[in-house]
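No lab work stands behind these numbers, since they all come straight from the coordinates. This one's a predicted model, so the numbers in the text were calculated from it and none came from an experiment. Here the Cβ is made from the backbone with ideal geometry for all residues, glycine too, and neighbour counts use every protein chain on show.
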Amino acid sequence: MKVDKYFINRNTLIIKPAFHIEYQAVVLKKGKEIKIKQTPLEIIKETCLLYNWSDYDATRKAVISHIGNIYRVPIPFINFSKKELYCFFPTDSPEKDKNIWIAAHHIGELSKNELGRAIIVFRNGEKVTLDVAIERIDKQFKTAIECMHLIRYPVIKNF
């Protein structure tokens with residue numbers, strides 16, 4: 001299936017770049033792949049505006065203000081109408097063509113192959129192997145979980 005525009009939803013597992021003339025991203029949803037004309041970063045930015053009522057840069061700055069100055073900032077989405085929290089983390093700099101966005105809230109298990117590359121098993125049983133070191137994915141996953149925890153249970157800081 002090919003679509004022009006896509007918004008992240010509760011079934012979105014991963015957003016991968018695609019280097020094709022007709023589409024620029026492939027979204028893995030529960031049980032299917034969707035080819036999207038938008039880039040992965042465009043999907044993230046449009047979804048920020050839809051759910052967060054804020055742009056990508058403001059969302060990114062808010063996360064940094066709570067977690068600290070980190071690289072590869074996870075991006076949370078709060079779907080208020082459904083009372084759902086989604087959080088995606090990048091495998092690389094979001095501006096890089098090879099960056100992949102992964103739904104932290106769907107990860108069931110992380111492991112590595114014989115080359116030390118990440119194997120992600122999502123809670124629904126779907127499995128993806130990425131050409132990214134497991135240590136990076138593990139660190140990004142933990143940061144995204146921390147982000148989700150801080151949204152659910154805010155800590156008031158003395159400024």
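General observations
- For the condition in a loop (DSSP other than H, G, I, E, B) and either under 24 Å from Glu126 (Cα atoms) or in contact (Cβ under 8 Å) with a residue 12 or more places away in the chain (or both), Ser93 qualifies.
- Scanning region 30-48 for residues that are charged (D, E, K, R), under 25 Å from Ile119 (Cα atoms) and out of contact with any strand residue (DSSP E or B) (no Cβ under 6 Å at 6 or more places or on another chain) yields Lys30, Lys32.
- The set of residues in region 59-76 being part of a loop (DSSP other than H, G, I, E, B) and under 12 Å from His149 (Cα atoms) is empty.
- Any chance Tyr51 is touching a strand residue (DSSP E or B) at 6+ places or on another chain (Cβ under 8 Å), of a type in the set (Ser, Thr, Tyr), surrounded by 17 or more Cβ atoms within 10 Å (Cβ to Cβ) and more than 26 Å from Lys83 (Cα to Cα): no
- If the condition is being more than 14 Å from the chain's Cα centre (by Cα) and closer than 24 Å to Phe7 by Cβ, then region 109-127 contributes Arg123, Asn124, Glu126.
- Number of positions in region 23-44 that are free of Cβ contacts under 8 Å to residues at least 24 places away in the same chain and touching a Ser or Thr at 6+ places or on another chain (Cβ under 9 Å): 4
- Residue match in region 23-32 (condition: under 22 Å from Arg152 (Cβ atoms) and buried (at least 17 other Cβ atoms within 10 Å of the Cβ)): no
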